Structures are given as C-alpha cells and as structure tokens.
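Visitor: Dropping the structure in here first, questions after.
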Amino acid sequence: MPFDHNDHYHRLLLRSLPPGGGTALDIGCGTGRFARRLAERGYQVDALDPSAEVIAEAEAAGGGPRFRRADVTAEELPAGHYDAVTCLASLHHMPFGTVTRLRDALAPGGTLLVLGCHAGMTAWDVVASPANAVARVAVHAGERLRGAYTPPLKAPVRQPDMTLPQIRTEAARLLPGSRVRQLLFWRYLLTYRKPAEPAEPAERT
Ligand SMILES: C[S@@+](CC[C@H](N)C(=O)[O-])C[C@H]1O[C@@H](n2cnc3c(N)ncnc32)[C@H](O)[C@@H]1O
C-alpha cells in the first residue's frame with residue numbers, strides 16, 4: 001500500500017531547516033523524492049546513493065538535484081561545505097559513526113537532519129500500529145479514487161539494529177548538542193546544528 005513512513009515526515013524535515021536555501025547533501029537519496037523537495041525549496045542539491053537502480057530512476061525523474069552513485073562511508077565529502085545535510089531512513093544501513101562524516105561536511109551554522117529508524121519497542125508503538133493501519137488504508141483509498149496506482153520503485157531496505165536509548169547515547173557522544181526526538185511510525189529525528197564560526201576579532205586601531 002502506498003503510505004510511506006519516510007515521505008510522511010518530509011514537511012517536518014523541511015520546516016526544520018532554516019529558510020533561504022543554500023547547498024544541501026541528501027545521503028541515501030533512493031529515488032530522490034526528498035532531494036527534489038529540497039531543490040524546490042531553492043537548495044542546490046547533491047544526492048548520493050550506492051544503488052545503481054535507484055540512481056537511474058532518480059536521474060530519469062530529474063527535478064534539479066545532482067544525483068550520484070556513491071557509498072557515503074567510502075566517499076570523500078567536501079569539508080565544511082553544505083548548509084544542510086539530510087539522511088532519511090538510511091543511517092541504519094551504515095555504522096552510526098558515519099554521522100561524524102556528515103557533520104564534517106556541514107558549513108559553519110549548517111544543519112544535519114537524520115530521519116532514522118530504530119529497533120525495539122517503545123510506548124509509542126501502542127499507537128503506531130493502529131495509526132499505521134488507518135494511514136495505509138486512507139492513502140490507498142485516495143490513490144484508488146484518483147485512478148490507476150503504479151507502485152514506485154522500492155529503494156533497498158534493512159532492519160535497524162540500534163534501539164532509541166543506544167542512538168541517544170551515541171548521538172550525545174559523537175554530536176554534542178544534538179537532539180534526538182522520537183516520532184511515530186518507528187522513526188526518530190536527530191537534529192544537529194554546527195556552531196557558526198566565531199566572528200573575526202575587530203582590528204585594533
Ligand atoms: C530505506 S532507503 C531510503 C531511501 C530514501 N532516503 C527515502 O526516504 O525514500 C535506504 C537507502 O540508503 C541507501 N544506502 C545504503 N547504504 C548506503 C551508503 N553506504 N551510503 C549511502 N546510501 C546508502 C540504500 O541504497 C537505500 O536507497
């Protein structure tokens with residue numbers, strides 16, 4: 001059914017970025033749906049994914065981002081370059097410590113957003129399952145009413161193995177000042193803002 005837990009959070013992610021655009025890097029971009037939304041917002045977007053299949057589909061859809069087949073754990077990222085780095089439902093495909101590579105690619109004052117998937121049960125799962133069922137039925141019915149539904153190409157998926165408490169501990173260790181907020185549908189949002197460079201001291205006369 002066409003309800004996508006990650007796409008559901010696109011608006012929240014866009015609201016979490018400062019207005020005004022700039023440069024953005026989307027990691028594990030899949031077929032590029034969020035990268036295109038960043039481009040619509042005025043960002044110049046680089047988008048990476050190691051899957052040849054999804055990159056081909058992303059390039060065919062176009063929409064502005066520069067899509068590239070690459071593994072972020074092996075790729076040299078430009079240091080201090082991006083105003084926004086985003087990583088949706090992809091961090092659990094790689095070692096959690098990859099967040100330090102993403103942090104290093106941020107320009108001073110830049111924002112890192114990780115929409116992550118976590119393992120283990122939390123109190124929210126009590127409401128997540130029924131909410132999930134209702135959302136899937138509602139979206140499916142809407143698609144049916146609008147006409148034929150073509151299932152999108154699915155990006156590679158993997159089960160997460162870190163629990164939310166483990167993620168919070170590692171985020172606090174590797175990205176001091178970051179915030180991890182639990183979301184519905186087995187997701188969390190990690191937000192990190194890189195400190196702006198201190199102003200140059202005024203020249204003495
Ligand atoms: C569940 S999909 C999410 C795709 C997309 N972000 C979305 O929200 O629909 C996870 C993506 O992470 C990508 N991925 C896995 N390992 C990666 C790595 N080392 N570097 C960059 N992307 C990776 C996969 O190829 C896959 O497209």
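Visitor: Could you grab me the full set of residues in the range 9-45 that are at pLDDT below 95 and touching a Phe, Trp or Tyr at 6+ places or on another chain (Cβ under 7 Å)?
Guide: Within the range 9-45, Gly21 is the sole residue that qualifies.
Visitor: Taking the criterion of being more than 16 Å from the ligand (Cβ to nearest atom) and modelled with pLDDT of 95 or more, would at least one residue in the range 143-153 satisfy it?
Guide: Within the range 143-153, not a single residue is more than 16 Å from the ligand (Cβ to nearest atom) and modelled with pLDDT of 95 or more.
Visitor: Residue check: is Asp125 more than 13 Å from Ala24 (Cβ to Cβ) and open to solvent by 40 Å² or more (accessible area, probe 1.4 Å)?
Guide: No; evaluated as a whole, the condition is false for this residue.
Visitor: Continuing with this model, one more query. Among (1) at pLDDT below 95; (2) closer than 20 Å to Ala155 by Cα, which single condition is Val72 missing?
Guide: Against the list (1) at pLDDT below 95; (2) closer than 20 Å to Ala155 by Cα, Val72 comes up short only on (1).
Visitor: Does the range 158-177 hold any residues that are without any contact (Cβ under 8 Å) to a residue 24 or more places away in the chain and part of a loop (DSSP other than H, G, I, E, B), and which are they?
Guide: Across the range 158-177, the qualifying residues are Pro176, Gly177.
Visitor: Can I ask one more? Pairs please, first residue from the range 47-71 and in contact (Cβ under 8 Å) with a residue 40 or more places away in the chain, second anywhere and assigned to a helix (DSSP H, G or I), Cβ atoms under 7 Å, 6+ apart in sequence or on different chains.
Guide: Note: pairs meeting the criteria are Asp49/Ile55.
Visitor: Could you check, for the range 19-29, whether at least one of its residues is more than 18 Å from Leu189 (Cβ to Cβ) and among the acidic types (Asp, Glu)?
Guide: Checking the range 19-29: not a single residue is more than 18 Å from Leu189 (Cβ to Cβ) and among the acidic types (Asp, Glu).
Visitor: Can you pull out every residue in the range 73-105 that is within 10 Å of the ligand (Cβ to nearest atom), touching a residue at least 12 places away in the same chain (Cβ under 8 Å), surrounded by fewer than 22 Cβ atoms within 10 Å (Cβ to Cβ) and not in a helix (DSSP H, G or I)?
Guide: Those that are within 10 Å of the ligand (Cβ to nearest atom), touching a residue at least 12 places away in the same chain (Cβ under 8 Å), surrounded by fewer than 22 Cβ atoms within 10 Å (Cβ to Cβ) and not in a helix (DSSP H, G or I): Thr73, Glu75, Met94, Pro95.
The values are calculated or read from the model by the stated rules, or taken from the named source; none is laboratory data. Quick caveat, the model's predicted, so the values are computed rather than measured. A quick note on method: Cβ atoms are made from the backbone with ideal geometry, for glycine too, and the neighbour counts reach across all protein chains shown. Heads up: the accessible areas ignore ligands, DNA and RNA and are worked out on the full protein's heavy atoms, side chains in. Shrake-Rupley method; radii C 1.70, N 1.55, O 1.52, S 1.80 Å.
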